Amino acid sequence: MKALLIATALVGFAAAAQAQTPQPADWTILNFTADTNKPADVTWDRIGGHDWCGIARFLDLKSCTIMSGKGELGSLRLVEVGPNKIVEIAVSRTPLSYTYAQPFTPIFYHGTMSVEPVDATHSKIVYTLMWNQTAVGDAAAQKAAHDSRQTRFQAAVDKMQAAANAK
């Protein structure tokens, strides 16, 4: 009987895992970096890395509302981008980085914001985006989504660099 229960559980687990298998994906990755003339911990503080909604001022979001947590794993925030309100969940956190995901979007968007030490007095801001462009549409729509993010996030990283380097 015990073996039958274990087998039934394994079949149920396998069926659930198969049902969640992602559809074919065409992942797009963008990397943005900027050097700063400040130590990594100072840069992280100045760009609002400890504030789960600190990114809002650099991305010019309409709003950012913390729904739960304070930025630790599992924290939720609601960001308003244009007409869209998007739920983001913190899926990774280190003292100088965090990664968030947008699990309820068809493109399964992810972003990582981090600061890496270069030496005792210099650091590098690194912002990485990843999304499945399959659901975006045709090649023209995919290029527009890519180019829009390229422009928007480069501007945000440039603002972060200016904030970090400010006197």
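Give me D for segment 24-165 in µm² s⁻¹, whole number, from Stokes-Einstein with Rh from the Kirkwood sum over alpha-carbon pairs, 37 °C and 0.692 mPa s. Here the translational diffusion coefficient equals 212 µm²/s. Modelled spin-label separation between ALA155 and PHE104, with each label point placed 7 Å from Cα along the Cα-to-Cβ direction: 2.7 nm.
For the peptides 128-135, 27-34, residues were scored by their other Cβ atoms within 10 Å and the scores averaged per peptide; the highest-first order is 128-135, 27-34. Note on LEU76 and ALA166: the extension gain reaches 29.4 nm, defined as 0.36 nm multiplied by sequence separation minus the Cα-Cα distance. Loop-located chymotrypsin sites (Phe, Trp or Tyr not before Pro) across segment 88-118 with a Cβ neighbour count of 12 or fewer within 10 Å are PHE104, with loop assigned by DSSP.
Springs between Cα atoms under 10 Å define the GNM used for the chain, and in it the highest mean-square fluctuation of ALA156, ALA140, ALA90 occurs at ALA140. Of ALA56, ALA139, ALA40, the residue with the greatest mean-square motion in the GNM of the chain, using alpha carbon springs below 10 Å, is ALA139. Can you tell me the 0 to 90 degree angle between the C-alpha axis of helix 2-19 and the longest principal axis of the chain, rounded to 10? Its long axis makes an angle of about 50 degrees.
Which order do the peptides 68-75, 114-121 come out in when sorted by mean C-beta neighbours inside 10 angstrom, highest first?
On the way: 68-75: 13.1, 114-121: 14.8.
Result, highest mean first: 114-121, 68-75.
Just so you know, all these numbers are worked out from the coordinates, no wet-lab data involved. Here the structure is a predicted model, which is why all the values come from computation and not from measurement. As a convention, Cβ positions derive from the backbone with ideal geometry for all residues, glycine included, and neighbour counts pool all protein chains shown.
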